[in-house]
Amino acid sequence: MQALHVHAGPKALAHLREHGLRPEHIGVIPGAAGGPKGLILGPLDRFIFGEWLVQSTQPVDLVGASIGAWRMATACLNGSVAAFARLEHDYIHQHYEPLPGHKRVTAQQVSDAFGHSLQAFYGGRIHEVLSHPRYRLHILTSRGRHLLHREHPIATPLGYAGAYLSNALSRRALGDWLERVVFSAAGAALPFGKQDFQTRTVRLTEGNFMPALQASCSIPFALKAVHDIPGAPAGAYWDGGITDYHLHLDWQTHSDGPEGRIVLYPHFQKQVVPGWLDKALKWRHSATPFLDHTLVLAPNPEWVKTLPHAKLPDRSDFMRYDRDLAGRVKVWTAATRAAQQMADEFAQWLDKPASLDVQPL
């Protein structure tokens, strides 16, 4: 069964018909939030960054939230193929036991463990990420406002309840509770417009890389917020996926020719959902002109049904397997190994475009 589906916005589709797809055509690569679902993209990441893009020389903006930020930062490391393999291994094997006297793992415990894992992963190598000769990294976070300005056992749940209700009325109204804060490598202009949502930009440095990346992955109530990131406005910072779940952004590649025009989006589904609170709001899942230059590489939903439990790895597996680490490792490893078919089909399509039908996004 075919594993990969390719979906194109109208301008991306016109580009394919006129120019095909070559590595020098890529200007932006987004990385979505989505936790364990992102594991399915490991083989594509290793092929794209390890074999394909190295055939070109143009600068590429890498934009990520949550696990997508972790993936995009990993792409900037020397020896990225080995680094992606380590990311996959470390994510699959993460495990937390409740502290003595506790029935559940605490948010502080998960945050502390995750901080240690980031230090082990990037410690001594942040300069590689920030000084990559081609890749310009942008890490998305969500900064709390008003009741959410500082994490608090009472104010934070109330603040998120207000954010949920406001977002249901209008995505722009979510900006009354949370703002998008983007940490960008030095000299890297945002590759998207910011008129859609309240946005701040902060320079990404060795001093704030770790807290910014941890904040981008800090799911409310599952992990603790990261407060007062150096060089950024004071306050509590949470998962970038809250404001930008799948990075449905106004992508601007600033190219008059085919080089650098395409937004190449390895994703775990066809739909590009704006914010985490929009997951249940199906009317916000459709494509918009923001995605006109976007090419989405996503798993075939019918192929997904062939994976363990007929689904992608997701956060529910932590509860399904509870303390059965070996059981969860087995099914997640099986899913990521099966995903090699997606990378193989993408490589084949690049050589023989007729091997896959490109569908409208």
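Points worth noting:
- Note on the chain: helix-only mean residue ellipticity at 222 nm, from DSSP H runs of 4+ residues weighted -39500 (n - 2.57) and normalised by residue number, equals -9500 deg cm²/dmol.
- Most mobile of TRP283, TRP303, TRP332 in a GNM of the chain (Cα contacts under 10 Å): TRP283
- Summing Cβ point charges (Lys, Arg +1; Asp, Glu -1) relative to the Cα centre of the chain gives a dipole of roughly 660 debye.
- Region 4-360: proportion of alpha-carbon pairs further apart than 24 angstrom, %: 55
- Converting the Cα gyration tensor eigenvalues of region 1-136 into ellipsoid dimensions via √(5λ) gives semi-axes, longest first, of 33, 18, 12 Å.
- Top positive-direction residue, dipole computed over the chain with Cβ charges, set GLN252, LEU41, ALA215: ALA215
- Kyte-Doolittle at least -0.5, axis length at least 15 Å by Cα - qualifying DSSP helices, the chain: 80-92, 107-122, 155-169, 325-338
- Packing order of peptides 207-215, 193-201, highest average first: 207-215, 193-201 (average count of other Cβ atoms within 10 Å over each peptide's residues).
- For region 248-322 and region 116-172, distance of Cα centres in Å: 19
- From most to least packed by mean Cβ count within 10 Å, the peptides 235-247, 139-151 give 235-247, 139-151.
- Long pairs among LYS270/LYS305; LYS224/LYS270; LYS282/LYS311; LYS11/LYS305, criterion Cα-Cα beyond 22 Å: LYS224/LYS270; LYS11/LYS305
- Length-normalised contact order of region 30-77 in % [C-alpha pairs under 8 Å, at least 6 apart]: 61
Every number in this text was worked out from the coordinates using simple rules, so none of it is lab data. None of the values given here were measured: they were computed from a predicted structure. With ideal geometry, Cβ positions are generated from the backbone for all residues, glycine too; neighbour counts draw on all protein chains shown.
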